[in-house]
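Engineer: Here it is, the structure, as structure tokens.
The values are calculated or read from the model by the stated rules, or taken from the named source; none is laboratory data. Everything quoted here is computed from the prediction, not taken from an experiment. Here the Cβ is made from the backbone with ideal geometry for all residues, glycine too, and neighbour counts use every protein chain on show.
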Amino acid sequence: MREFTAVVEKDPETSLYVGYVPGFPGAHSQAETLEELNANLREVIEMLLEDGEPKIEGEFIGTQRIAVA
């Protein structure tokens, strides 16, 4: 069992959830619900892994809050 970290945002124009795995080319999807997005991302990642081990181009570290005056 492998785990990947996905970044999820909500598109203000379409109201769709958009998710992608940082550094994993092609690992992205969108959906109307978070549950659907999770399923879509799982399916995309599984299909990409069928082509062999991915070359991860980056690693998600985290988020930071930046305060500006």
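Engineer: Check Met47 against each of (1) farther than 15 Å from Thr5 by Cα; (2) of a type outside the set (Asp, Glu); (3) not in a helix (DSSP H, G or I) and name the one condition it does not meet.
Structural biologist: Against the list (1) farther than 15 Å from Thr5 by Cα; (2) of a type outside the set (Asp, Glu); (3) not in a helix (DSSP H, G or I), Met47 comes up short only on (3).
Engineer: Determine, yes or no, whether Pro25 is in contact (Cβ under 8 Å) with a residue 24 or more places away in the chain and more than 13 Å from the chain's Cα centre (by Cα). I'd like the intermediate steps shown before the answer.
Structural biologist: Working: in contact (Cβ under 8 Å) with a residue 24 or more places away in the chain: yes; more than 13 Å from the chain's Cα centre (by Cα): no.
No.
So that you can scan it fast, the table gives a plain yes or no per residue for (1) of a type in the set (Asp, Glu); (2) surrounded by 15 or more Cβ atoms within 10 Å (Cβ to Cβ); (3) in contact with a Pro (Cβ under 7 Å, 6 or more places away or on another chain):
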position	(1), (2), (3)
Glu3	yes, no, no
Lys10	no, no, no
Val18	no, yes, no
Gly23	no, yes, no
Glu35	yes, no, no
Glu46	yes, no, no
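Engineer: Checking the conditions here, which among Ser15, Ser29 is farther than 16 Å from Glu3 by Cα, small (Gly, Ala, Ser), at pLDDT 95 or above and in a loop (DSSP other than H, G, I, E, B)?
Structural biologist: On the way: Ser29 fails: in a loop (DSSP other than H, G, I, E, B).
That would be Ser15, the only listed residue that is farther than 16 Å from Glu3 by Cα, small (Gly, Ala, Ser), at pLDDT 95 or above and in a loop (DSSP other than H, G, I, E, B).
Engineer: What single numbered condition from (1) at pLDDT below 90; (2) in a helix (DSSP H, G or I) fails to hold for Glu36?
Structural biologist: It fails just one condition, (1).
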